[in-house]
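Structure first, then comments.
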Number of protein chains: 4
Amino acid sequence: MSGSIYGNLFKISTWGESHGKGIGVVVDGCPAGLILTEDMIQSYLDRRRPGQTKFATQRNESDSVEILSGTFLQKTTGTPISMVVMNTNQRSGDYNDIASYYRPGHADYTFNQKYGFRDYRGGGRSSGRETIGRVAAGAVAKAILSQLGIEVCAYTKSIGDIKIDYKECNKDNILISPLAMPDLNASVKAEAFLEDKMKEMDSAGGVIECIISGMPAGVGEPVFEKLDANLGKAILSIGAVKGIEFGSGFNAPLLSGSENNDSFRYNDGKVIKLTNNAGGILGGISDGSEIIFRAAIKPTPSIAKAQKTINLSGENIDISVKGRHDPIIVPRAVVVVESMAAITLVDMLFMSMTSNMRSIVNFFNMR
Amino acid sequence: MSGSIYGNLFKISTWGESHGKGIGVVVDGCPAGLILTEDMIQSYLDRRRPGQTKFATQRNESDSVEILSGTFLQKTTGTPISMVVMNTNQRSGDYNDIASYYRPGHADYTFNQKYGFRDYRGGGRSSGRETIGRVAAGAVAKAILSQLGIEVCAYTKSIGDIKIDYKECNKDNILISPLAMPDLNASVKAEAFLEDKMKEMDSAGGVIECIISGMPAGVGEPVFEKLDANLGKAILSIGAVKGIEFGSGFNAPLLSGSENNDSFRYNDGKVIKLTNNAGGILGGISDGSEIIFRAAIKPTPSIAKAQKTINLSGENIDISVKGRHDPIIVPRAVVVVESMAAITLVDMLFMSMTSNMRSIVNFFNMR
Amino acid sequence: MSGSIYGNLFKISTWGESHGKGIGVVVDGCPAGLILTEDMIQSYLDRRRPGQTKFATQRNESDSVEILSGTFLQKTTGTPISMVVMNTNQRSGDYNDIASYYRPGHADYTFNQKYGFRDYRGGGRSSGRETIGRVAAGAVAKAILSQLGIEVCAYTKSIGDIKIDYKECNKDNILISPLAMPDLNASVKAEAFLEDKMKEMDSAGGVIECIISGMPAGVGEPVFEKLDANLGKAILSIGAVKGIEFGSGFNAPLLSGSENNDSFRYNDGKVIKLTNNAGGILGGISDGSEIIFRAAIKPTPSIAKAQKTINLSGENIDISVKGRHDPIIVPRAVVVVESMAAITLVDMLFMSMTSNMRSIVNFFNMR
Amino acid sequence: MSGSIYGNLFKISTWGESHGKGIGVVVDGCPAGLILTEDMIQSYLDRRRPGQTKFATQRNESDSVEILSGTFLQKTTGTPISMVVMNTNQRSGDYNDIASYYRPGHADYTFNQKYGFRDYRGGGRSSGRETIGRVAAGAVAKAILSQLGIEVCAYTKSIGDIKIDYKECNKDNILISPLAMPDLNASVKAEAFLEDKMKEMDSAGGVIECIISGMPAGVGEPVFEKLDANLGKAILSIGAVKGIEFGSGFNAPLLSGSENNDSFRYNDGKVIKLTNNAGGILGGISDGSEIIFRAAIKPTPSIAKAQKTINLSGENIDISVKGRHDPIIVPRAVVVVESMAAITLVDMLFMSMTSNMRSIVNFFNMR
């Protein structure tokens, strides 16, 4: 089956392995007339680039993107946008030993069960480098959303048990923290916590929160193609995500209906809700308030600490994973979460354009 | 956009409103040669049928299913299976008042924003009755899974803050509890808790856990079509679900890598994992152990207690929702969760059949 | 695989067998706010209804449609429209003998090869009655097109070697001819030709031409989702269609480039083409002129004349197909061609709405 | 909308413009374990490479393919295969003048209507170079088919009115003729015919026939996803194709049922058909005999002869198309037809694997 293509009207097709020639994405369905340059894409890729802090893998890659098609005179033409990042710092030798065993918490075993063998170098297709394609496509999606006044903003909500309460979504603070944690006091605590984990040759996880503002009401479809269902799939398709919740989420079961329901009120003629336990989505359709969700990210499975596993010769063995790994995935995953959310929003905004006949007639009359 | 069709190779197309003529589903892509009778479907529909306990709406419906196509001599023919449940106990009059305002926590406002108007009778398409189509299709999916030795079993894990620790998934106990809560002591406590909520004219939510056993390793695709991503979409597409987590889920961020990783071991030549924090899925692909996920269900939004909202005349008003409502959705949603999981599993099992060339060659040689 | 669902944004899901309980379709993705009644659907179904002329099967069916969902106060709500025609004149006994052999020109053999067995009564799912679902959905599509000023009109272009040259597409003449052949002199000749065929216990085929007027330029996608490619699939999915051609079609290879190219000219400031060899489509995209295609329909395979075939017991036998069959399929297929074209046009019009950024921004600003 | 992605289980995503940086394709859904090298791809690309005969454009391109992902140790891994051909001989200057007007028979006008502007260099995305992605993907599809004993073979059936009757499909003769016309006497006549056209500064078209042997019976779905419907879409999506017919095709309407039906017979216990008017497909499903179709290719629209058209300044003008053009597209389109057919066959073979329950149970038991 083909599992590296995502979306309906705004479709992305990603490819590439950790230690292959490169990583890329084709964006099919981007409307014509959007200003798009390599710099715009690069600024997002730089947010997930390795080697920038001590909390990220020391693999040294510039991750420079090249646009190969789909733009003309710096504007999109409506045809597929092919973007490539060539790999430059592969050290496949690091991975020769992992060819013979299955790393716990990784997809080594399941790939072999599925495909009969695997490209074991750096995790092959199941490497975190796979997300380069998502982020490049996310940059295109964000350029579209920006034209529609919609902003997608994610940050690190917690690392281990260090949790912040952050209402505004201010990019400045998020980009200042090496952990994408905009409460800078908490960020310092989390850095200390991570340094301890690194000394223990262990790793940590965390929670990412994403806030989407400017969404018009009426986007999302009422049954299977609910906005939250599609955002859920998008985010759960990111490696290491173990859960997602919207609005009051896993706290909702502890509330009564009267507590969890959001009251509607008119405010200067505009419809507002007094609370937002719904996370901006009612019946699968955006209600015009902020869309809020949180994703649980597991601790990095690659750790230097000894672990029990099996090898392909049928033996129980103890291993210690070598190579250049992130002690925590969360900070670099923030822009991936934003990207997958943005791609999904564009797709669902486009799909919502045929909801009612009057708008369709207007659209074609206007042309 | 068309949002009432779900699946790729095993596709379902549901239709129907709470107070329309009926509710139904067309299953397209069911293999030929499967024994399928109306009784088999009915037994699942009976698990979500209203009016069976005091904790469910008192709407009196037999919800009798009729198969209109796709079977011949009690076997599926490979062509679409159309199944219908006619509505018999509509009391549209109950809902005339809700035509003029938006119920908090419901899709009334978002439907109007999206479509310009809505079939307000009993929530129309966004009613819980919509799930009849899902459950009828789920019954077909379960019949297929049964042929492959796969079982899907869900139950009520918690109601409010009453939470059970249940390892086995024994249908007997689940069906004995009026709340689908197999720890019967906890079930009694939860019944008392709900009676209090009902006296307060309020409602409650809970958590459903689903355990899938017998899954072969190697099912699910590594990037966007991860098994957990698709199960996530399926479950989040059920109304009232606010979150989903797999394995250690939202607890994973509190663990270190060495705690969260599941060690592999050979056991009599078979591969086992010593723990199952992964919830049976590694890198989006089943690892051969049990698949475990939990869904957070919000409290029923329809409550008799007074609530603030707005009407279509531009006024802030207070309302009390009349009609026949469930004080809790969780127990009746258990079979819906099972159904959506089963439908997704069948689809992904089918899609996994083309993963490697050797199996494909064998398949065509064998015919 | 699921093969009874068609479309992307405007999706139809058909079901039903010739001698099952009924035939139906679910239309998913119809915009809200369209006036839609059973009478509107019925008028199209009546054009393909059996028993109306001596050139059609004498099976006596009223083919009365019922709308089960998706409308409220005679307007579509945006949710799935389920439509059903119950079978009332099944005479399964007629078909008992065909259970044991394969009719030449039919799908009996291929169904058995694919599914292992088949519902042999009246051809089961591969009966011409399957097209009821297409026509009911086509009626919905035509109602949408009508709001956009687009008309789809098909007629019988030839029967055997009796061929007409018809430029205008006037429904009146088409509906007067029992063969949907608007040149009434030719129609009389074709009737005589068919009576001869019937006396010979044989059957005939013909060509249907379809003309689409009012299409805006710019609809269709430039590579795989070309407008002609999708119309081609739609029409070739109708049983008995053996070929399709657009504009100059199979005559194009006999022309030179200078003859086949259509010259552009301004006419009162409007862009026109001096000829229409392209059939209204350039590079897969509508050019604003009439879209014209022709479909080749094979002679009805069910004939009373003796034929050679095989039975399931491994014997070579001679058979004569009994039952109630059409001596020609063409006249009743005309409305099916219109329907499939209309469904495809709606889908592609909807998909074209996201072609350029300016229109999208306008759309969302306008809401 | 996204129109450059094709297929369901075997999916291809093409990109690139005539005068952009390159042309490529991502193949998603290729099974693991298939031997695949750049040489295998290159041998197909060489068949459509420009500049090899005087009947093709003199643009000098080596069209060298590079595989960027999806293989490891010369075998496919099951992950996306990204293939790229960089453009090396762009002469954009040739096309500056066409920026200001619409070439008859080309997509210039429709692109501008759809997207608001266009990459006019060499036709941009609507150039014949777009087919490089199709052919590279077709090479992968053919490698899969080869493992299953299926061969796809196309050749030039006619050029202008020079038509050949060719029963066998022998690659040797096809590759000897510069026009892919295996009757070498006819080929010489056609070469003379084309030289005349070239002297007249005009162009020609022709018909390509494609024969598929080794197909198992039972592939294709009975309603919308008929094998012929999908082949039809695939072939009609190739630029310049104006029609397609299967088996007796447009001749079928001239036959009676008794003439057009193919009789079944047992031959040494094997089922055969005495004729093949069906073209190997009955009811949309392969019947085990050869699949035969023909595609009508229009004359190249780019001609040096003077033509009437309009410019963007609102004027009626006369033009003569400069640049390096093929006097006939047919010979180079032969491998494109084979490729699109092969891609479609792989997809439909894969989809047919879930037709019946017994095969599915066997498949999973066997693993």
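The values are calculated or read from the model by the stated rules, or taken from the named source; none is laboratory data. Keep in mind the model is a prediction, meaning the values are calculated, not measured. Cβ: placed from backbone, ideal geometry, glycine included. Neighbour counts: every protein chain shown. Side chains included, ligands, DNA and RNA excluded: accessible areas come from the protein's heavy atoms. Shrake-Rupley method; radii C 1.70, N 1.55, O 1.52, S 1.80 Å.
When the listed pairs B:Lys298/C:Lys11; B:Lys226/C:Lys11; A:Lys157/B:Lys157 are checked against a 30 Å cut-off, the alpha-carbon distance exceeds it for B:Lys298/C:Lys11.
Distances, shortest first, from the label point of D:Leu274 to those at the same position in the other copies read 5.4, 7.4, 8.5 nm; the point lies 7 Å along Cα to C-beta.
Taking the label point 7 Å along Cα→Cβ, A:Lys189 and its counterparts in the other copies are spaced 3.1, 9.0, 9.3 nm apart, in ascending order. In the complete set of protein chains, residue-level accessible area for A:Lys11 is approximately 40 Å², probe 1.4 angstrom. List for segment C:342-359: residues with 10 Å² or greater reduction in accessible area, all protein chains versus chain alone, probe 1.4 Å? Buried by the other chains: C:Leu349, C:Phe350, C:Met351, C:Ser352, C:Met353, C:Thr354, C:Ser355, C:Asn356, C:Met357, C:Ser359.
Spin-label model, D:Ser313 to C:Gln74: label points 7 Å out along the Cα-to-beta-carbon direction sit 5.6 nm apart.
Kindly identify segment A:1-65 as rounded, prolate or oblate by the Cα gyration tensor criterion: order the square roots of the eigenvalues as a ≥ b ≥ c, call it rounded if a/c is under 1.5, otherwise compare a/b with b/c, prolate if a/b is larger, else oblate. Here segment A:1-65 falls in the oblate category. Of all residues in chain A, the one whose Cβ lies closest to the rotation axis carrying A onto D, together with that distance in whole Å, is A:Ser13, 2. Here r is the Cβ-Cβ distance between A:Glu66 and D:Phe117 and R0 is 25 Å; the resulting FRET efficiency, rounded to 0.05, is 0.60.
Structure note, pairs B:Lys21/B:Lys163; C:Lys189/C:Lys322; A:Lys167/B:Lys199; B:Lys21/B:Lys54: Cα-Cα distances above 29 angstrom occur for B:Lys21/B:Lys163; A:Lys167/B:Lys199. Helix B:227-236 against the longest principal axis of chain B: what's the angle in degrees, Cα atoms only, rounded to the nearest 10? Computed tilt is about 10 degrees.
Isolated cysteines in chain B, defined as those with no second cysteine Cβ under 4.7 Å, comprise B:Cys30, B:Cys210. Could you tell me the calculated FRET efficiency between C:Val361 and A:Thr37, based on Cβ-Cβ distance and R0 = 22 angstrom, to the nearest 0.05? Plugging the Cβ-Cβ distance into 1/(1 + (r/R0)^6) gives 0.65. When the helices of the protein assembly as shown are scored as -39500 (n - 2.57) per DSSP H run of n ≥ 4 and the total is divided over every residue, the value at 222 nm lands at -8500 deg cm²/dmol. Take the alpha-carbon centre of segment C:137-178, take the same for segment A:206-231, and report the distance between them in whole Å. Centre-to-centre distance over Cα atoms comes out at 44 Å. Taking θ as phi - 60° and the Karplus parameters 6.51, -1.76 and 1.60, the scalar couplings of segment B:50-63 work out to x, x, 8, 10, 6, 8, 10, 3, 8, 3, 9, 10, 7, 6 Hz in sequence order, x denoting glycine and proline. Between the chain alone and the structure with every protein chain in place, find the residues of segment B:20-49 that drop at least 30 Å² of accessible area; heavy atoms, 1.4 Å probe. Residues losing area: B:Lys21, B:Val26, B:Asp28, B:Pro31, B:Ala32. Interface area, chains A and C: about 2600 Å² of buried accessible surface, summed, with a 1.4 Å probe and ligands, DNA and RNA left out.
Across identical copies of the chain, B:Thr53 has label-point separations of 4.8, 6.3, 7.7 nm, listed in ascending order, with the point defined 7 angstrom from Cα along Cα→Cβ. Taking the longest Cα principal axis of chain C as reference, the axis of helix C:357-366 is set at about 90 degrees.
For B:Ile329, what is the net charge nearby, where nearby means another residue's Cβ is under 11 Å from its Cβ and Lys, Arg count +1, Asp, Glu -1?
So the surrounding residues net to +2.
For segment A:89-365, what does the accessible surface come to per residue with a 1.4 Å probe? Please give it in Å².
30 Å²
Computed from the Cβ-Cβ distance with R0 of 25 Å, the FRET efficiency linking B:Lys54 to B:Asn89 stands at 0.90.
Work through the residues other than D:Leu34 whose Cβ is under 12 Å from its Cβ and net out their charges, Lys, Arg +1 and Asp, Glu -1. Counting the neighbours of D:Leu34, the net charge comes to +3. Quick one: grab the alpha carbon gyration tensor of segment A:74-178, order the square roots of its eigenvalues as a ≥ b ≥ c, and give me rounded if a/c is under 1.5, else prolate or oblate depending on whether a/b is larger than b/c. Oblate is the answer for segment A:74-178, as a/c is 1.5 or above yet b/c matches or exceeds a/b. All other residues with a Cβ under 10 Å from the Cβ of B:Cys169 taken together, and with Lys, Arg as +1 and Asp, Glu as -1, what is their net charge? For residues surrounding B:Cys169, the net value is -2. Reported value for the protein assembly as shown: 163 Å³ per residue, from the convex hull of its C-alpha atoms. With respect to chain A, whose longest principal axis is taken over its alpha-carbon atoms, helix A:330-351 is tilted by about 40°.
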